Every structure is written in structure tokens, then in C-alpha cells.
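The values are calculated or read from the model by the stated rules, or taken from the named source; none is laboratory data. Since we're looking at a predicted model, the values are computed, not measured. As a convention, Cβ positions derive from the backbone with ideal geometry for all residues, glycine included, and neighbour counts pool all protein chains shown. Only protein heavy atoms, including side chains, enter the accessible area calculation; ligands, DNA and RNA are left aside. Shrake-Rupley method; radii C 1.70, N 1.55, O 1.52, S 1.80 Å.
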Amino acid sequence: MGRFAKTLELKGIPTVGAAAETMVNYGIDYDFKYTNGMPIRYVAFPFPVAGQPPEVHKRYVEGEDRLSHKPMMTAIVDALTKPLTENEKFKGVPPEAQPEPRLLPPDAADNLQQLFKERDWTDYNPIILPTEARVQAMLKGTSHAPEEVVATINWPGGERPLTVEKAAIAAVMAGARPEFMPLVLAVASRVPFGNSTSSMANMIVVNGPIRKELGMNSGTNAMGPHNEANAVIGRVFTLLSKTVGNLHSGKTTFSTLGSNLQYNNLTIAENEELLPEGWLPLHVQMGFKPEDSVVTIGIGWTYISSVGEVQIGYPPQNLMRDYMHALSSSGSAATIVMDPTVAKLLKDVHGFNKKEDLSAWLSGNVEKTVASYWGNGVVSTVNSAMALQGLEPLATWLKAPPETLIKPFSNPKGIQILTVGGNIQTTWFVTDFRLGRGVKVDDWR
Amino acid sequence: MRGITVNRKFLLSGVTTLLSVLGLTGGMAAVYAEELVTVMNPIVESKMAERLPLSPRLDSLSGKTLYLVDINWGGPQAAWSVYEQMEAWMAVHMPDVKVVRKRLAASYMVDDPAMWAEIAEKGDAAIIGIAG
């Protein structure tokens, strides 16, 4: 929003930024310093704004600006009419950022562990201290030069180069081995983790030979704390998001509940070996070769378990449909994670000869009321304006009576299927994770 | 004292031990005893944005056109409803200000150049929000 206010200001239109009191400090501090560069004048409303009746909004307008503590409308008028201060007239190149030293001052190991926690550089579990020797050893896992920039992270602002060396430092901290580096670097190219007041999380899906090379688990307990590579790769993503990604609670990330999934980011190796014939691994569906090693990062919020075994009287696809009814359907996205036994049943008994058949069936059969659809704040935030502009089918959905049933997963390509698990129970999870474009791990060897 | 040699190292070790037993050196004793470790810095400095000035303010809003721009955060009835109340308040207290309520074409994540062009052409001031 600050950037929109800046656009108007550059056109000569005095503009006030309006934010909830929970977010306004981000606008006037970090966003101003590292993203916007313009000292936008803000007013702060009480929180929450969404979900409140008109009479509460009337009180907000007639009440106090939570930033200046003036009456709200006085604060707005003042922001548009009071002359600029010298600081607000300043134009120029900002001071050079104080460079971070390459090495930290020497200290006792316990003190360093404490320092890393105090600076919020960890997930608050003990780390392996990144000595030069350990980082040098880690760098042997890739042919890429330490100073090579994997990605420049400009969210939220700051243009921070994430180099191979910084990725190796995080890899050491997380407990990785040098052979993990190609996958670490591929994952690093997608840092940082999901950042939203809605409390997002990520999913990391690994395909191809790298799974076996690193001893990843795609079988029994694959999604639990039982495998070194699964645990460490997910942890690296989190540590990099906090270090080079600069995501720190209350400063640059404001997830209201947070997500416990961010400890491991749902790091999964797909059980490609037990896919039914005709069911392709995720990366092959995307156009990669089977022998390519690929990692795909997803973003979402939720997963719901089937809990128990498939029942003959109620096919698994029906229960998946029922549980998907509870997902937001934001972006028409879902990822179904199923034990290989479920995939086999779906193909052999229920005739889904390929993953895309199941995706199409779910797209055509998951229903919810328009009231439920628009009742989700993220869906309303992202889609309501387009509905009001007349974009279909959103426009029709917005005008329909509340109990009208719609099929919100309108794009079957948004529904992905993964097989993970140990052939022990016919269990599956439906999730609302939207998977991105795969990254080739082999490019980072 | 003549004839008595004091072994300094033994004396220092003994004093340190005594002080440790008495709890008087605490962490200091531990630090001196423990090897110091040098580690690599995991973070990178953030580059600050180029500074730009605000545009000059208006002398007053009287007779001006004020745009209230809803960024659609929180859905169609969040900021829009606040702006309805704001417009009603201004109709009573600042009736010579023309108020125009608008929504962004998409979500707050998507730029809307047509909106900015309209405001630049027809407006004198704007409120944009409500984030959070």
C-alpha cells in the first residue's frame, strides 16, 4: 500500500496512508526505510476493520487516530494540509548500509548460541555453529562459487543478496551435510517462507534421484520427525528466511497466529517408486525428465487428515471431496497427499487412470455455498474487486443468493496429487497448498 | 621473604579455584577456561531505499476533490464501509469537499495505473487503505 501512496505523491497528489494500528508501524518505519523511501503520512484505525458492522466503523471515524491520538478526521485533514517538515522534503541517496562483518567476534560457544537466539537467527532449537571450517566443508558439496548470488531478496525491501556462502552457513546451522548443498541451493532460490498476517506456511516437495542420494524418506513416517534429510532441508528454508530473508516477528512478519508448519515446511519426498502405472511423479507432470532432480515449493495454510482407512461403502474420492469443501479454494489450489495404497485403490477400483483424472473429478465435484466462499477473508480480499469489475465466474458468484452452490476449484490444474507414505494405512491428507514451478536441483550441483 | 619461592602459576590456579568454589567468578571463570570460537555471520545488510520527498500539501481541503481508495484488504466491506462513514461525516462537517470513493481493480497486491491516472487528473488529495 505504501507504494501506491508513493505513486500518487509522485504525481503531486497529497496522500494519507490508512492502516490498522497493528500494521502502521511497519509502514512508517521498515517500509519507509527499505522499500518506499518516502515518508508517507499515516493514520491508524483500531483493529479489526474487516468483519465489523457499520456502527463500529462510524465509531472509528468519529474516534481517535491511534497514531497521533488526535480525532481521526482532524488527523486526516492535518496530514493533507499541514506543511512538510524538513525531513519530509529530503531527497537523496540514503546512507550506505553499515556492512555486516563476514565473521562475528569470537566468543564462547554457549554465548554464541545465545547470541543467535537473541538476534532471532534460529528456530530456537540449538544450531551447529557455522565456523569457517564447517562452512568450507559444506561448500565442497557444490561446484558453485561462494560469492555467486542465488537470489536477491527484496522482500520486504532491502535487496539482500543470498549467496552460495550464506546458504552454506544456514546449511551448517541446520545440521546439513555437504551432499545436501545442491538441494539447499535450489530451495534457497525460493526463500523466504510465506509471510502474511493470515499465518501462511510452505510445502517443499522433492522429486528425482536426489531423494535417494540424500537418503530422504518418502515412505513410513515421511512427514514426521524421523529422517535427517527431510528434517534438515526444511529447517534450512526456515533459517534462511530469518537470516538473509530478514523475516522477524513484529518487524517484518506479522502472522497473527503463526504456523507450526514453519519448523519444517512440510518437506516431502514423493514416493515415486510406488506410483500406480500411469500416475506420473509431480516433476514429470511439470515437464521435467524422470531422471531430473527437482524441488517444488508450495504455499498455503491448511491440511486435513482422512484419519482412518478407506471404507468400501464410501469411496476415497468422495471423502476427499467432502473435506476439500472446507478449504478456502483460494487460487483454485489444493494438494492431496496420499499413501501409495490410496493411489492404487483410486486407480484399480475407482478407475482414475492418472492423477489428472482425479484432479478433474474433484474440480467438478467439490461444492460450497457462495456465502461460504466469500466468507473467507483471503478469497474476498483477492477476488471481490474482480467480481465487482465483472470478471466471470466471480461476478455471478458475488450476485448469487447466499445458499447457491458453486464449484470453486474451477481449474483442475490447480489440484495436485502426491504419493507419500509406507503402505501401512490407506490414509490421505487434503491441503490448500498451491505448488509453484519446480526448480532443477541438478543446476546447483 | 628470604628463602621462600612462590610458584605463581600454582598460586593463580589455586586462587581461581578458591574463587570458583566461592562462586565469585561465575561465567568469567568459565569463559577464560573455555575456548573462544569464531563463526561466520549468517546475515546480510539491507540496502536502504532512495529518499524521495512528499508532494506539497494543500492549503485546505475546501473546494477540493478527495479520493478515498479502497485497497480491498479484508474484503469488499472493510475499508469501503469505513469510507462510507467518512463520507457521511464529511457531508456534515466539510460539505464543500467533493468525496469520491473508489476500489482498486484487483487486490492490494496488484497495481492500478488507471486509478492513479484518474486521481492525478481529477483529484486533489487521496486517502488509501486500509491495510491490516
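Side notes on the structure shown:
- Semi-axis lengths (Å, descending) of the ellipsoid that matches the C-alpha gyration tensor of the range A:2-94: 25, 15, 11
- Stretch gain in nm, segment A:Ala137-A:Arg119, where the contour uses 0.36 nm per residue and the Cα spacing is subtracted: 4.0 nm
- Within the accessible area of the protein assembly as shown (1.4 Å probe), percent carbon and sulfur: 55
- The Cβ shell under 15 Å around A:Gly245 holds other residues with a net charge of +3, Lys and Arg each +1, Asp and Glu each -1.
- Each label was represented as a point 7 Å from its Cα along the Cα-to-Cβ direction; for B:Lys98 and A:Gln98 these points are 5.1 nm apart.
- When the surface is traced with a 1.4 Å probe over the full set of protein chains, A:Leu266 keeps roughly 20 Å² accessible.
- Reachable aspartates and glutamates, given that their alpha-carbon falls under 13 Å from the alpha-carbon of A:Lys251 and they are not under 8 places away in the same chain: A:Asp29, A:Asp31, A:Asp120
- Rounded accessible area per residue of the protein assembly as shown, 1.4 Å, Å²: 45
- Low-density loop positions, trypsin sites (Lys or Arg not before Pro), the range A:407-439 - DSSP coil, at most 15 other Cβ in 10 Å: A:Arg437
- The protein assembly as shown pair-distance distribution - Cα-Cα, 10 Å bins, rounded %: 3, 15, 21, 21, 19, 12, 6, 2, 1, 0, 0
- Legend: mean number of C-beta atoms from other chains within 10 angstrom of residue C-beta atoms, peptide A:83-90, equals 3.
- Adding -39500 (n - 2.57) for every DSSP H run of four residues or longer, then dividing by how many residues chain A holds, sets the calculated 222 nm ellipticity at -9000 deg cm²/dmol.
- Model label sites at A:Gln389 and A:Glu228, defined 7 Å from Cα along the beta-carbon direction, differ in position by 5.2 nm.
- Here nothing in chain A passes the span test, since no DSSP H helix has an alpha carbon length of 30 Å or more along the helix axis and a Kyte-Doolittle mean of -0.5 or above.
- Computed with a 1.4 angstrom probe on protein heavy atoms, the B-A interface buries about 7500 square angstrom of accessible area in total.
- Number of partner chain Cβ atoms within 10 Å, mean per residue of B:96-108: 3
- Each semi-axis of the equivalent ellipsoid for the range A:147-235 is √(5λ) with λ an eigenvalue of the Cα gyration tensor; in descending order they amount to 24, 17, 10 Å.
- Proximal lysines relative to A:Lys407, as straight alpha-carbon distance under 29 Å, when same-chain residues fewer than 8 apart are discounted: A:Lys344, A:Lys347, A:Lys354, A:Lys355, A:Lys368, A:Lys399
- Selected from A:Leu104, A:Leu239, A:Leu282 as most flexible by GNM, with chain A as the system and alpha-carbon contacts under 10 Å: A:Leu104
- With the whole protein complex present, A:Glu62 retains an accessible surface near 110 Å², based on a 1.4 Å probe.
- Top of A:Arg66, A:Arg211, A:Arg235 by mean-square fluctuation, Gaussian network on chain A, Cα under 10 Å: A:Arg66
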